[in-house]
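Please treat every number below as a calculation from the coordinates, not as lab data. If you're wondering where the values come from, they're calculated on a predicted model, not measured in any experiment. Neighbour counts run over all protein chains shown; Cβ positions are idealised from the backbone, glycine included.
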């Protein structure tokens, strides 16, 4: 292999590692936001469970200027300005839709 090919391979590998590190950091930040939200709203057992399961450190705390609700609100504002409609954050699951259909058919 030429030195140019080796350099490209090294840069590609470093880029993939940086992307993986960024993904790990995003997941950790999301888990901390979820944990903080659960704790703040009184879901202490759930917060404790997620802290234990995700191995979240007691030493790390969420910054004062952010919380999960704020992240969702800002995403909604961004989406609204970009696409002109509110995003669908969740939808009814297939089971719910099927149960609604069954209920509607049985009442006919």
Using a Förster radius of 35 Å, what is the FRET efficiency between residue 9 and residue 29 based on their Cβ-Cβ separation? Nearest 0.05, please. 0.70
Spin-label model distance (nm) - residue 92 vs residue 49, 7 Å beyond Cα toward Cβ: 2.7
Please order 71, 61 by the number of other Cβ within 10 Å, starting at the fewest. 61, 71
So what is the relative contact order for segment 3-106, in percent, with contacts set as C-alpha pairs under 8 Å and at least six apart? 16
Rounded FRET efficiency, nearest 0.05, which uses the C-beta distance separating residue 75 from residue 39 and R0 of 25 Å: 0.70
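Given the Cα-Cα distance of residue 63 and residue 85 and 0.36 nm per residue of separation, how much length would full extension add, in nm?
4.9 nm
What shape does segment 4-99 have by the C-alpha gyration tensor, where a ≥ b ≥ c are the square roots of the eigenvalues, rounded means a/c under 1.5, and otherwise prolate means a/b greater than b/c and oblate the rest?
oblate
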